[in-house]
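One structure below.
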Amino acid sequence: MDYPKPIKDLIEGYLTLPGIGKKTAERLALFTFSEMNEDATKRLGEAIINVKNSLYRCPICHNVSINEDACEICSDTLRDHSLLMVVETIKDVFIMEKMQEYKGLYHVLDGAINFAAGIGVEDININTLIKRIESGEVKELIIATNATTEGETTARYIKALLDDYDVYISRIAHGLPFGADISYADEMTLLKAIEGRRKY
Ligand code: ZN
């Protein structure tokens with residue numbers, strides 16, 4: 001016999017998650033049914049709904065925000081608004097913030113240019129980055145995209161786009177092997193990468 005529809009639906013749901021294959025999705029769906037109590041499943045369901053319903057994307061930096069107009073970082077007047085770090089993902093912001101060293105602002109690209117996968121310039125948040133540079137508030141732009149082919153392509157593209165603007169562009173000194181994701185760096189390596197950033 002086939003799985004009943006509610007289990008099939010849940011398998012389909014888990015399959016939409018990254019890194020989850022058919023077997024894992026089945027195992028998770030059956031675990032949800034047989035091992036989790038009603039309270040736990042309710043909390044999980046509500047948490048999934050809340051993460052979409054109660055949060056926003058910051059319209060300035062594209063980071064996750066509890067406010068509709070600007071995130072906590074963008075609205076923090078104690079931070080250095082002349083320093084802007086470009087990162088690929090929201091996760092990168094949280095990795096940087098964990099160090100409690102960087103006091104500038106961020107710009108989340110939401111990916112990197114990957115022509116082979118059909119991700120072009122218009123698919124990542126570059127237009128809003130240009131607008132922020134045009135405003136003249138940013139004096140230094142730190143490009144902290146990953147040390148991957150996509151990250152390097154994106155860095156070079158941003159650099160070329162901003163060549164005519166009055167902004168100092170630096171690239172973090174990846175003490176990481178080529179191909180590494182910044183989320184794999186430990187705090188010390190990351191701190192050194194920021195301190196050792198060079199004119200790009
Ligand atoms: Zn923001």
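Tell me which of these Thr24 doesn't satisfy, since it passes every other one: (1) open to solvent by less than 70 Å² (accessible area, probe 1.4 Å); (2) within 14 Å of the ligand (Cβ to nearest atom).
Failed condition: (2).
Considering only residues that are away from the ligand (no atom under 12 Å from the Cβ) and either of a type in the set (A, V, I, L, M, F, W, C) or in contact with a Phe, Trp or Tyr (Cβ under 9 Å, 6 or more places away or on another chain) (or both), which ones fall in the stretch 58-79?
Selection gives Leu78 alone.
Kindly provide the set of residues from the stretch 79-104 that are farther than 28 Å from Asp123 by Cβ and touching a Lys or Arg at 6+ places or on another chain (Cβ under 8 Å), ordered by number.
Selection gives Arg79, Asp80, Ser82, Lys103.
Output the number of residues of the stretch 28-63 satisfying the condition of being closer than 26 Å to Tyr14 by Cβ and either polar (S, T, N, Q) or buried (at least 16 other Cβ atoms within 10 Å of the Cβ) (or both).
So the count comes out to 10.
Looking only at the stretch 93-116, which residues are under 13 Å from Thr154 (Cβ atoms), outside any strand (DSSP E or B) and more than 16 Å from the ligand (Cβ to nearest atom)?
Answer for the stretch 93-116, where residues must be under 13 Å from Thr154 (Cβ atoms), outside any strand (DSSP E or B) and more than 16 Å from the ligand (Cβ to nearest atom): Gly111, Ala112, Ile113, Phe115.
Quick one: Ala70 ticks every box in (1) in contact with a Pro (Cβ under 8 Å, 6 or more places away or on another chain); (2) at positive phi except a single one, so which number is it?
(2)
The values are calculated or read from the model by the stated rules, or taken from the named source; none is laboratory data. On a predicted model such as this, the values are computed, not experimentally measured, just so you know. Using ideal geometry, Cβ is built from the backbone for each residue, glycine included, and neighbour counts are taken over all protein chains shown. We work out accessible area using only protein heavy atoms, side chains counted, and drop any ligands, DNA or RNA first. Shrake-Rupley method; radii C 1.70, N 1.55, O 1.52, S 1.80 Å.
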